[in-house]
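**Q** Got a structure for you, written out below as structure tokens; questions coming shortly.
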Amino acid sequence: MSFAGCSIALRGEKMSRFPQANKSFGQHFLSSQHVITKITQPRPENIDAIVEVGPGPAVLTPHLVKYGLPVHVLEMDERFVELLSPVVGEKNVHMGDALDFNWHDFLQKYSYRSIWLVSNLPYNVSVPLTLSFLRIPEITHMTLMYQKEVAEKIFTREQKNSMGSLLAMCASQFHVNHVVHAPPGAFVPPPKVDSQVLGFRRRETPLVPLSEIDAYEKYLRMVFGQRRKQLGGILRPVWGEKTDDYFREAEIPLTIRAEALTMNQVLALYSASRN
């Protein structure tokens with residue numbers, strides 16, 4: 001697993017001038033200037049630092065450095081250290097697995113209050129990374145690239161039967177918007193899937209308090225474990241005789257399927273079950 005820039009901007013250089021893509025790291029080199037620009041512009045307002053996960057050979061990074069804010073990079077591929085250090089400073093290069101990154105110590109050291117996190121996420125760990133990022137209140141803005149199928153589980157344009165646990169989880173903490181599509185041809189070598197970049201802006205008041213996020217995630221996994229089956233039947237073995245009361249309080253029919261829920265209904269049933 002790597003954060004070696006699963007997508008790396010080439011800026012027109014020939015592939016031979018860069019290390020060979022490491023298949024075990026899931027590397028694909030981003031060659032579309034249009035996508036690069038969409039990822040790095042504009043800068044969100046009122047941030048005091050930028051963190052890039054998987055910067056690779058420091059090509060996206062200069063677009064972020066130009067804003068004049070501290071830029072920190074999290075990288076796993078040792079090959080890129082010598083390219084990153086001159087761009088952001090050696091002390092701002094953090095080597096290791098982003099899933100294991102110690103955000104508590106990092107924030108204790110630097111005292112940042114509003115971070116913009118930018119990443120072309122490794123597809124195989126994009127979901128656990130996203131769930132870890134949303135738990136850090138100092139990360140107020142994110143620009144993240146996903147496999148398109150995963151992006152559609154986070155952001156949907158009010159499509160019917162589109163609700164799911166990942167969408168409900170992210171929407172509880174962030175306003176989410178589409179930024180840009182990245183087809184296979186935007187990368188070298190081209191992946192076998194389409195990609196999509198999403199923008200995240202943290203809600204001033206979350207729909208679910210961060211102090212309850214673990215309980216909320218557990219609730220969502222239970223509700224959406226069988227999202228095409230009638231919800232009352234799924235939850236009755238868990239909630240027992242209180243099931244009818246919870247659904248009645250939330251004003252939701254027992255026969256509804258989880259995929260057909262609205263965000264307001266997801267929250268209403270969660271609230272009812274917590275009372």
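The values are calculated or read from the model by the stated rules, or taken from the named source; none is laboratory data. All of these numbers come straight from a predicted model, not from anything done at the bench. Methodologically, a virtual Cβ is constructed for each residue, glycine included, from the backbone with ideal geometry; neighbour enumeration extends over all protein chains shown. We work out accessible area using only protein heavy atoms, side chains counted, and drop any ligands, DNA or RNA first. Shrake-Rupley method; radii C 1.70, N 1.55, O 1.52, S 1.80 Å.
**Q** List the number of the failed condition for Asp100; all other conditions in (1) closer than 22 Å to Pro42 by Cα; (2) more than 12 Å from the chain's Cα centre (by Cα) hold.
**A** (1)
**Q** Would you tally the residues in the range 204-239 being under 30 Å from Arg113 (Cα atoms), touching a helix residue (DSSP H, G or I) at 6+ places or on another chain (Cβ under 7 Å) and open to solvent by less than 60 Å² (accessible area, probe 1.4 Å)?
**A** Qualifying residue count, the range 204-239: 5.
**Q** Tell me, please, whether a residue that is more than 12 Å from the chain's Cα centre (by Cα), open to solvent by 70 Å² or more (accessible area, probe 1.4 Å), more than 26 Å from Val51 (Cα to Cα) and not hydroxyl-bearing (Ser, Thr, Tyr) can be found in the range 167-184.
**A** Checked against the condition, which is being more than 12 Å from the chain's Cα centre (by Cα), open to solvent by 70 Å² or more (accessible area, probe 1.4 Å), more than 26 Å from Val51 (Cα to Cα) and not hydroxyl-bearing (Ser, Thr, Tyr), the range 167-184 yields no hits at all.
**Q** Can you list the helices (runs of 4 or more DSSP H) lying wholly within the range 118-178 that have 1 or more residues being under 27 Å from Gly56 (Cα atoms) and in contact (Cβ under 8 Å) with a residue 60 or more places away in the chain? Break it down stepwise before answering.
**A** Details: elements: 126-133, 148-154, 165-171.
Qualifying helices (runs of 4 or more DSSP H): 126-133.
**Q** Test His104 against the criterion of being surrounded by 14 or more Cβ atoms within 10 Å (Cβ to Cβ) and either free of Cβ contacts under 8 Å to residues at least 24 places away in the same chain or not aromatic (Phe, Trp, Tyr) (or both), and give yes or no.
**A** Values: surrounded by 14 or more Cβ atoms within 10 Å (Cβ to Cβ): no; either free of Cβ contacts under 8 Å to residues at least 24 places away in the same chain or not aromatic (Phe, Trp, Tyr) (or both): yes.
Taking the combined requirement at face value, the residue does not satisfy it.
**Q** Identify, please: which residue in the range 28-55 is touching a helix residue (DSSP H, G or I) at 6+ places or on another chain (Cβ under 8 Å) and under 17 Å from Phe101 (Cβ atoms) and is, among those, surrounded by the fewest Cβ atoms within 10 Å (Cβ to Cβ)?
**A** Per the stated criteria, the residue is Ala49.
**Q** Continuing with the same structure: Criterion first (modelled with pLDDT under 65 and either in a loop (DSSP other than H, G, I, E, B) or touching a strand residue (DSSP E or B) at 6+ places or on another chain (Cβ under 6 Å) (or both)) does Ala58 satisfy it?
**A** Numbers: modelled with pLDDT under 65: no; either in a loop (DSSP other than H, G, I, E, B) or touching a strand residue (DSSP E or B) at 6+ places or on another chain (Cβ under 6 Å) (or both): yes.
It is false that Ala58 is modelled with pLDDT under 65 and either in a loop (DSSP other than H, G, I, E, B) or touching a strand residue (DSSP E or B) at 6+ places or on another chain (Cβ under 6 Å) (or both).
**Q** Among all residue pairs at least 6 apart or on different chains, which show Cβ distances below 8 Å where the first residue, located in the range 37-53, is more than 15 Å from Lys66 (Cβ to Cβ) and the second is part of a loop (DSSP other than H, G, I, E, B) and open to solvent by less than 90 Å² (accessible area, probe 1.4 Å)?
**A** As it stands, the answer is Asn46/Ser114; Asp48/Leu69; Asp48/Pro70; Asp48/Tyr112; Asp48/Ser114; Val53/Phe3; Val53/Leu121, since those pairs meet every condition given.
**Q** In the range 216-246, how many residues are touching a residue at least 40 places away in the same chain (Cβ under 8 Å) and not in a helix (DSSP H, G or I)? Give the derivation first.
**A** At the first step, the residues of the range 216-246 found to be touching a residue at least 40 places away in the same chain (Cβ under 8 Å) are 216-217, 219-221, 223-224, 227.
Now drop any that are not not in a helix (DSSP H, G or I), which leaves 224, 227.
Counting residues in the range 216-246 that are touching a residue at least 40 places away in the same chain (Cβ under 8 Å) and not in a helix (DSSP H, G or I) gives 2.
**Q** Return yes or no: is Ala258 touching a residue at least 60 places away in the same chain (Cβ under 8 Å) and small (Gly, Ala, Ser)? It would help to see each step written out before you state the result.
**A** Values: touching a residue at least 60 places away in the same chain (Cβ under 8 Å): yes; small (Gly, Ala, Ser): yes.
Yes.
**Q** Anything in the range 255-275 that is part of a helix (DSSP H, G or I), open to solvent by 10 Å² or more (accessible area, probe 1.4 Å) and not aromatic (Phe, Trp, Tyr)? List them, or say none.
**A** Quick first cut of the range 255-275, residues part of a helix (DSSP H, G or I) only: 258-260, 263-274.
Okay, now just the ones that are also open to solvent by 10 Å² or more (accessible area, probe 1.4 Å), so 259-260, 263-265, 267-268, 270-271, 273-274.
Passing the criteria: Glu259, Ala260, Met263, Asn264, Gln265, Leu267, Ala268, Ser271, Ser273, Arg274.
**Q** For the list (1) closer than 16 Å to Phe29 by Cα; (2) open to solvent by 30 Å² or more (accessible area, probe 1.4 Å); (3) not β-branched (Val, Ile, Thr), I need the number of the one condition that Pro62 fails.
**A** Unmet for Pro62, out of (1) closer than 16 Å to Phe29 by Cα; (2) open to solvent by 30 Å² or more (accessible area, probe 1.4 Å); (3) not β-branched (Val, Ile, Thr): (1).
**Q** Another question about this same structure. For Glu249, work out the one condition from (1) open to solvent by less than 30 Å² (accessible area, probe 1.4 Å); (2) without any contact (Cβ under 8 Å) to a residue 60 or more places away in the chain; (3) assigned to a helix (DSSP H, G or I) it doesn't fulfil.
**A** (1) is the only condition that Glu249 fails.
**Q** Quick check: is even one residue across the range 75-90 of a type in the set (S, T, N, Q) and either in contact (Cβ under 8 Å) with a residue 12 or more places away in the chain or in a loop (DSSP other than H, G, I, E, B) (or both)?
**A** Within the range 75-90, the first condition is being of a type in the set (S, T, N, Q), and the residues that meet it are 85.
With the extra rule that they be either in contact (Cβ under 8 Å) with a residue 12 or more places away in the chain or in a loop (DSSP other than H, G, I, E, B) (or both), the set shrinks to none.
No; the residues of the range 75-90 include none that is of a type in the set (S, T, N, Q) and either in contact (Cβ under 8 Å) with a residue 12 or more places away in the chain or in a loop (DSSP other than H, G, I, E, B) (or both).
**Q** Return a yes/no flag: does the range 203-219 have any residue that is closer than 24 Å to Leu131 by Cα, in contact with a His (Cβ under 7 Å, 6 or more places away or on another chain) and not acidic (Asp, Glu). It would help to see each step written out before you state the result.
**A** Just the residues of the range 203-219 that are closer than 24 Å to Leu131 by Cα, to begin with: 203-219.
Remaining after also requiring in contact with a His (Cβ under 7 Å, 6 or more places away or on another chain): 203.
Of the ones still in play, those that are also not acidic (Asp, Glu) are 203.
Yes, there is a match, as at least one residue in the range 203-219 is closer than 24 Å to Leu131 by Cα, in contact with a His (Cβ under 7 Å, 6 or more places away or on another chain) and not acidic (Asp, Glu).
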